[in-house]
Amino acid sequence: MISRYISSGVLLWFGLLISSNASADWFFRGTPNGWGTNELELVAGSTYKTCQLFNTGDANGGPRFKIDHWGDWSDNYPSADYAVDSNASYEITFDSSTKNITTQVVASCEQTGFSHSLPSLFFRGTPNGWGTSEMQLVADHLWEVTIHFDGQSNQRFKFDVYGDWSTNYGDNNNDNILEKTGSDIDTSLVGNYRLRVNDSDFSYSLTSVDGCQNCTASETLGAVYSVDSTTFSIWSPDSANVQLRLDGQIYNLNKVSDFNGYTDVYRVVVQGNYHLKKYHFLINGNEVRDPYGKMVEPNTNNNIVMDMSKTALFENWAPIPTLVNREDAIIYEMSVRDFTIAANSGVTSNKKGKFLGMVESGTQLNGESTGIDHLKELGITHVQIMPAYDFNACSDLSDNTCYSWGYDPRNFNVPEERYSLTPYDYENRIREFKQMVNEFHKAGIRVIMDVVYNHTYSHDVFNPISSQYYTPTDLSGTGNSIDANVPMVGRMIQDSLEYWVKEYNIDGFRFDLIGIFDYDEVERWANHLNVTFPDRQLLIYGEPWNGFASDPRELERVRLGTIGRIAGAHVGVFNPKYREALKGKNDSGSCNSGDCFVFNNNPDLWRVEVGSRGAIRASNDASISIDTWDPMFAMDPEQSINYVSAHDNLSLRDKILQWADNNGIPRDSDYLRRIQMFANGIILTSQGIPFLHGGVELMRDKKEDHNSYQSSDAINQIDWQWKIRNSDILEYYKDVIALRKAHPAFRLSSWQEISDYQVSSQPRYGVVVNRINGRAVGDSWKDILVIYNSANNYNYSLPSGNWKVAMEKSDPGAGNGRIVSGSILAEGTAVTILYQE
């Protein structure tokens, strides 16, 4: 007893006699003792306890109690009486440091008479925030407590004898035998579990009490593999006729109790090692693929059971490239096939158009780097890979000429077989995708997946399971849009997102047609990812429109006018208003009134100005309703993905050529090359996150095909000869990217910073000027002027003092830091940047 008081910080003077009242600081007061004072027993540290039998209460109410400090009501808890049930005995635990009170019903407050080696025992771990959950002695040497495991990242626990860590137990060997001061016990279980510890042999066990056996945080449905058995689970809300065909044998599935947010789940556990065995489910006798399947046999309904440990890289994962703020990102969009399929890509023949072709280093054309080395040279931070999971088109693997962007998903969690060197070597197919991601990370480039959860290639994917997967009215333009408002459908998407981050080390997601989803549903997915992977700085963004559908839930969907409401979840959208203001229509050379700033088409300067300010709202208050398509929509600049071209529609070069035709300008005019630089010079010096269509820095064209989703390689491939032919364009992009990365003033990271430190003006027709306080954000340039001039040359009057020219005349290096004062001639169709140190 003396040693325990010493460990609790009670100073004992040598020779002091410890009286029976030494722990009488806290008292139980309630209906069982007529609101008198019963001492609480100090169990350990700041933990006190008592056991009380509650009968029927008193004249003022039912059975209840409070905990009183000193026994004089001067300091008591909780603020309102703590109510309990009548005619029950309660073990009451009180933490004097947190003032937390817990109660547990016990059979009796009389001594059990059970033998025990330990005086007490507490569960402590991530499920209870490392607090103390007292375990009860339920038989000789057997301690018990029921704990809810939520499957959080790095979930673990230990057992503590006194609740003060002075004597604690863990499991060093993962053999269900405890060792004193042993290692934390890791678990991915989900649900309510009964934990028992035998304090004679120190064995422990966990038993499900809610019907969910072998559940884990990320693999609750689908095929959950172990060496001795595999658990198969599927959501079937409409039918109880659920079966599994595994390796040619039929098994019946039974419905299990709801768990961890999952409902209407049918499950069977099949004993044996089924790694690489074929399976599919049968709903009412109809074959269906597993929506959670990790692998599929090409061109069949067969999923493949996977021991994912056998798909591990042959080396460790490389460190994930640092990203301090999401605004530091520079996104580069590319198709796996387009990037290296050309004969002049320099990539090894069998890797052209494949996962591993994307990351083959040392490739060149006439001494110029190609492939991943080109991206390193360019300086981008993120590569956005167009759909690379299992899609339906081009199913004939023998036809290497077939082309598809891949926006017709069939299996959301499976790497596309056409991009693998070994489509039937299932372990290696997964490993190749992981290797691709890892090599990008080694190169300092993060990886974003383009995901198409808004539809499937056909109703045949999910309809045989349940029609609840699809919206009653199509919203995607494909005829089969996914209904994420159905809780289990939304959960499937969330689980898929988590799986790609956890298993493949993905760094973010670009959502195709995110606009068919409710913004609060997307917020839930994003919050889950950000909580599960708090150190990853994931990028999550998408297209804030649907497939040209009339939507009765328009005001609930992701739109420019609603995205600000979920800024805290770090979700962004492509900024179509800025795109239109800069380049005009997507699929022709024409311009609407106020559009086409880069073409000097009587532009609306206000839209250019607000776009260059990260599209931040006029007010820093997301509760204020704004128009659905308001150009000022962001509560944080990371919410605005700024771009002028992407895989859809005309490439920037093709747009420029068609505009030139409409205006009688020769296609070989240097002026058109200048526009190619000017457009993304603006994007790369605007607040928000810049996005580049892959190849735009090479003046990529697609032969004016505005919808090349199934056109040939001749239309879609990157012709690496462009790099040699258009070296001036490339140098411009490289220099502006380097400038952006070097100066945080171009990457302001909040609404408040832009409001406080960037002042915008329109001094003349065709001119927008941004003045940025670099000193306020730690930039080496204390004062910065950015001049966007779409019209004729302009003599701009400078603020007082000497200014250095960083960028002018469509050449970031042209200024060379030359000193000017008074005024500067800002050329037309150019970005001019000046600074003071």
Would you mind getting the accessible area per residue of the chain, heavy atoms of the protein chains only, 1.4 Å probe, in Å²? 38
For segment 381-392, in order, what is each residue's ³J(HN,Hα) by Karplus, 6.51 cos²θ - 1.76 cosθ + 1.60 with θ = phi - 60°, in whole Hz (x at glycine and Pro)? 9, 9, 10, 9, 8, 4, x, 10, 8, 5, 10, 7
Can you order the peptides 762-769, 575-582 by their average number of other Cβ atoms within 10 Å per residue, highest first? 575-582, 762-769
How high is the relative contact order of segment 38-132, in percent, with contacts defined as C-alpha pairs under 8 Å that are six or more residues apart? 24
Order of exposure, largest accessible area first, which applies to 35, 720 with probe 1.4 Å: 35, 720
FRET efficiency for residue 229 and residue 424, Cβ-Cβ distance as r, R0 = 41 Å, nearest 0.05? 0.95
Residue-span extension gain [residue 533 to residue 249] - 0.36 nm each, minus C-alpha spacing: 98.3 nm
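I need the semi-axes of the equivalent ellipsoid of the chain: take the C-alpha gyration tensor, multiply each eigenvalue by 5, square-root it, list largest first in whole angstrom.
Taking √(5λ) for each Cα gyration eigenvalue gives 58, 36, 24 Å.
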Run the 1.4 Å probe and let me know the accessible area of residue 665, rounded to the nearest 10 Å². 40
Estimate the FRET efficiency between residue 53 and residue 102 by the formula 1/(1 + (r/R0)^6), using the beta-carbon distance for r and 25 Å for R0, to the nearest 0.05. 0.90
Alpha-carbon radius of gyration plus Dmax, which is the widest Cα pair, for segment 423-581 in Å: 16.4, 49
Contour minus end-to-end for residue 401 and residue 41, with contour as 0.36 nm per residue of separation and end-to-end as the Cα-Cα distance? 121.7 nm
Counting alpha carbon pairs within less than 8 Å and at least 6 residues apart, what relative contact order, in whole percent, applies to the chain? 7
Going toward the positive end of the dipole of the chain, with +1 on Lys and Arg Cβ and -1 on Asp and Glu Cβ, which of 250, 372, 479 do you reach last? 372
Over the heavy atoms of residue 565, what accessible area does a 1.4 Å probe trace out, to the nearest 10 Å²? 90
From the phi of every residue in segment 314-320, what ³J(HN,Hα) in whole Hz does the Karplus formula 6.51 cos²θ - 1.76 cosθ + 1.60 yield, where θ is phi - 60° and glycine or proline is x? 7, 9, 6, 4, 6, x, 6
Hey, can you grab everything whose amide H is under 5 Å from the amide H of residue 539? Only 5+ residues off in sequence or another chain; H modelled, so Pro and N-termini drop out. 508, 509
May I ask you to compute the full-extension gain from residue 364 to residue 670, defined as 0.36 nm times their residue separation minus their alpha-carbon distance, rounded to one decimal in nm? 107.4 nm
Please work out whether segment 720-809 counts as rounded, prolate or oblate from its C-alpha gyration tensor, where a ≥ b ≥ c are the square roots of the eigenvalues and a/c under 1.5 means rounded, while otherwise a/b larger than b/c means prolate and anything else oblate? oblate
In segment 700-764, what is the volume of the convex hull around the alpha carbon atoms, normalised per residue and reported in Å³? 198
Could you point to the residue in 578, 538, 560 farthest towards the positive end of segment 537-583's charge dipole, with +1 and -1 charges on the Cβ of Lys/Arg and Asp/Glu respectively? 578
Given charges at beta-carbon only (K, R positive; D, E negative), |dipole| of segment 143-282 in Debye: 580
Carbon and sulfur atoms account, in whole percent of the 1.4 Å probe accessible area of the chain, for 45
Relative contact order for segment 338-405: what percent, with Cα pairs under 8 Å and sequence separation of 6 or more? 21
Please report the projected area of segment 339-457's Cα convex hull averaged over all directions, in nm². 7.4
About its Cα centre, segment 560-677 carries a charge dipole, from +1 on Lys and Arg Cβ atoms and -1 on Asp and Glu Cβ atoms, whose size in debye to the nearest 20 is 180
Under a 5 Å amide H to amide H cut-off, with H placed in plane at 1.01 Å, what residues pair with residue 477 once short-range neighbours are removed? 547
Rounded to the nearest 10 Å², the 1.4 Å probe accessible area of residue 711 is 30
How would 740, 667, 124, 673 rank on accessible area, largest to smallest, probe 1.4 Å? 667, 673, 124, 740
Of 592, 353, 55, which is farthest towards the positive pole of the chain's charge dipole, taken about the Cα centre with +1 and -1 on the beta-carbons of Lys, Arg and Asp, Glu respectively? 592
For residue 655, which lysines qualify as cross-link partners when the Cα separation must be under 25 Å and same-chain residues fewer than eight apart are set aside? 577, 583, 585, 702, 703, 723, 734, 809
Say a paramagnetic label sat at a point 7 Å from the Cα of residue 299, along Cα to Cβ; which residues of segment 375-406 have their backbone N under 15 Å from it? 391-403
Taking the convex hull of Cα positions in segment 584-668, its mean projected area over all directions (nm²): 6.5
Note on segment 32-137: alpha-carbon gyration tensor, axes a ≥ b ≥ c; rule is a/c under 1.5 for rounded, else prolate if a/b larger than b/c, else oblate; result oblate
Diffing segment 293-299: the Karplus 3J(HN,Hα) column from phi (6.51, -1.76, 1.60, θ = phi - 60°), in whole Hz with x for Gly and Pro, holds x, 9, 7, 9, 7, x, 6
Taking the Cα centre of the chain as the origin, how large is its charge dipole in debye, to the nearest 20, when only Lys and Arg (+1) and Asp and Glu (-1) carry charge on their Cβ atoms? 1920
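So how do 396, 701 rank on accessible area, 1.4 Å probe, biggest first, that is with the largest at the start?
Listed by decreasing accessible area, they come as 396, 701.
The values are calculated or read from the model by the stated rules, or taken from the named source; none is laboratory data. Since this is a predicted model, take the numbers as computed values, not measurements. Cβ atoms come from the backbone with ideal geometry, glycine included; neighbour counts cover every protein chain shown. Calculation scope for accessible area: heavy atoms of the full protein, side chains included, ligands and nucleic acids excluded. Shrake-Rupley method; radii C 1.70, N 1.55, O 1.52, S 1.80 Å.
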